[in-house]
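> Sending over a structure as structure tokens; questions will come in a sec.
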Number of protein chains: 2
Amino acid sequence: MEMTQESRRTASERRRRELLEAADRVVLRDGPEASMNAIAAEAGITKPILYRHFGDKGGLYRALAVRHTDALLAGLRAALDSPVPRRDRVEATLDTYLSAIEARPQVYRFLMHPSDEGQTPDSGFDVGRHSAPLLRRMGEELAQVIAERVDLGPVGDELARVWGHGIVGMMHAAGDWWLREQPCSRAQLVQHLADLLWGRLAAAGDRPGGPGF
Amino acid sequence: MEMTQESRRTASERRRRELLEAADRVVLRDGPEASMNAIAAEAGITKPILYRHFGDKGGLYRALAVRHTDALLAGLRAALDSPVPRRDRVEATLDTYLSAIEARPQVYRFLMHPSDEGQTPDSGFDVGRHSAPLLRRMGEELAQVIAERVDLGPVGDELARVWGHGIVGMMHAAGDWWLREQPCSRAQLVQHLADLLWGRLAAAGDRPGGPGF
DNA sequence: AGACTGTTGTTACCGCAAGTAACGCACTGC
DNA sequence: GCAGTGCGTTACTTGCGGTAACAACAGTCT
């Protein structure tokens, strides 16, 4: 049985991917609070192996997260970069995101509510070192696209970053609420949010029978 | 030592408030992952008393959360209801929120990342029963104000709810990012976000030297 | 062949936090 | 004097993250 260094490396990587897939199954079934024991059992092994591969639970979860995050980000980038008018791009992006969270709510909950790990409270020197949760990555990504594509004057970079994170947050919160109580179709939600970004709040008139006037 | 039923009730309530204040101090010092032991110690008592008063850790955290949530919501309502033009109201609301999270980041982290409790995964019958996290409450509140004040046509209620949650999410995400890396002054951030809501994204032109064109 | 090294896996443990059971103590009403 | 009822304790169970120590085996050096 020949076993050179390279084939060893690839074997280890295959193993790692198997473990990740097992973890994925468990998280999909049990939600984000799946225990390391449960994941190890699903993979047919025991805990220490997980720890050798991923260091700690945060490491495993981070590895899991980047898989899904990368997939989602790829979809979003495609929507953002398509050569159509800006409004259409925005709608496509919103729809891509909402489709993703609608299709796999468990994955979504895992990515968005990762039980906020990290936090070495004594020193505080590396807060947010390698956490980079999905929301921040998406915010930065969007900021970059905005800064590249839209002309926003002298402070454009700053504006783009604020807007990137703001829009992502809007998408996230609205999506979260919409996923819970499906109050309307996805297409409608997309329209409503795009309308909001298109300044319809500023354009709308005061309510006729408003209270207090 | 006279101790009638009424004075007992008020005594118990005073006790509860003392416990909450102690918990508050600990959470402010240790962050959201403060242990029940630590809280009990700070209050000068032991764990079971906490459990008698609040049921479980979630109960305590919920009680703590409503205190701060109510205070913040009161401030936001005041900003939302002031009789000035809409843009000014929006800016005041944003500024109120950002001031709050800037003044007490620990409280903010506690409220926003409550280690997502609840989740009785077996039955699922009361998911979200009394969690009502701050974000959702704020979203509903804002939705109500929008629906009352702004004329949005036939589907106005639905629109208002989408916008309420969306705007709150935008505020939250942008605030979170801004709190980490202070990239600009609070006033600037408020301006940028208000500009976003006022449709400046739709109004801005394409970047001159854009890539790919 | 036989000692050396590294990877893969195990069992058995530590520490710690949530939550609980069982008891001690004061004080009230009868 | 004595049952009842809050307030408080100590001491425990359970479960999870994380680790130490050991067992088995593949390939390598001499």
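Coordinate-derived values only; no laboratory data. Keep in mind that this is a model prediction, so the values were computed, not measured. Neighbour counts are summed over all protein chains in view; Cβ atoms, including those assigned to glycine, are modelled from backbone coordinates with ideal geometry.
> How about A:Lys47: which lysines have a C-alpha closer than 18 Å to its C-alpha, ignoring those fewer than 8 places off in the same chain?
Correct list for A:Lys47: A:Lys57.
> Further question on the same structure: Between A:Arg207 and B:Glu18, take the C-beta separation as r, use R0 = 56 Å, and let me know the FRET efficiency to the nearest 0.05. Please list the in-between numbers first.
Details: r = 45 Å, r/R0 = 0.80.
Using R0 = 56 Å, I get an efficiency of 0.80.
> Along Cα→Cβ, 7 Å out, is where each label goes; now give me the distance between the ones at B:Asn37 and A:Glu140 in nm to one decimal.
Between B:Asn37 and A:Glu140, the label points sit 3.7 nm apart.
> In segment A:10-55, with Lys and Arg counted as +1 and Asp and Glu as -1 at Cβ, which of these residues, A:Leu50, A:Asn37, A:Ala22, has the Cα nearest the positive end of the dipole, that is, farthest along it?
So the residue furthest toward the plus end is A:Leu50.
> Now, a different point. Taking a label point 7 Å from Cα toward Cβ, how far is B:Ala203 from its twins in the other copies, in nm, shortest first?
1.3
> If I model a spin label as a point 7 Å beyond the Cα along the Cα-Cβ vector, how far apart are those points for A:Asp70 and B:Ala187 in nm?
About 4.6 nm separates the two model spin labels.
> Further question on the same structure: Across peptide B:202-208, what mean number of C-beta atoms from other chains lies inside 10 Å of a residue's C-beta? Before the final figure, lay out the partial values.
Working: counts 8, 2, 9, 3, 4, 8, 1.
Counting Cβ atoms of other protein chains within 10 Å of each residue's Cβ and averaging gives 5.
> Let me ask something else. If Lys and Arg each add +1 and Asp and Glu each add -1, what is the summed charge of the other residues whose beta carbon sits under 14 Å from the beta carbon of B:Asp24? Each step should come with its number before you reach the end.
Working: positive: B:Arg16, B:Arg17, B:Arg25, B:Arg29, B:Arg62, B:Arg67, B:Arg104, B:Arg109; negative: B:Glu18, B:Glu21, B:Asp30, B:Glu42, B:Asp70.
Here the charged neighbours net out to +3.
> Just need the relative contact order of segment B:13-55 here, percent rounded to a whole number, with Cα pairs under 8 Å and 6+ apart. Numbers along the way, then the final one.
Values: 24 pairs, mean separation 15.7, N = 43.
Over segment B:13-55, the number comes to 36 percent.
> Averaged across A:136-149, how many Cβ atoms of other chains sit within 10 Å of each residue's Cβ atom? Intermediate results must be reported in sequence, preceding the final value.
Working: counts 4, 0, 1, 4, 1, 0, 0, 1, 0, 0, 3, 1, 5, 7.
For peptide A:136-149, the averaged partner shielding equals 2.
> How far, in nm to one decimal, is A:Asp56 from itself in the other copies if the label point is set 7 angstrom along Cα toward Cβ? Shortest first, please.
Taking the point 7 Å beyond Cα along Cα→Cβ, the inter-copy spacings are 2.5 nm.
> Beta carbons within 10 angstrom, averaged per residue: use that to sort the peptides B:46-56, A:166-176, highest first.
On the way: B:46-56: 13.9, A:166-176: 26.1.
Order by mean packing, descending: A:166-176, B:46-56.
> Could you give, in nm with one decimal, how far A:Cys184 is from each other copy of that position, shortest first, with labels 7 Å out from Cα toward Cβ?
In ascending order, 2.9 nm.
> For segment A:30-51 and segment B:139-185, write down the distance between their C-alpha centroids in whole Å.
When both Cα centres are located, 39 Å separates them.
> Using modelled amide H (1.01 Å from N, peptide plane; none on Pro or chain starts), what sits under 5 Å from the amide H of A:Val150, excluding residues fewer than 5 places away?
Amide H to amide H, under 5 Å and 5 or more residues apart or across chains, A:Val150 pairs with B:Arg207.
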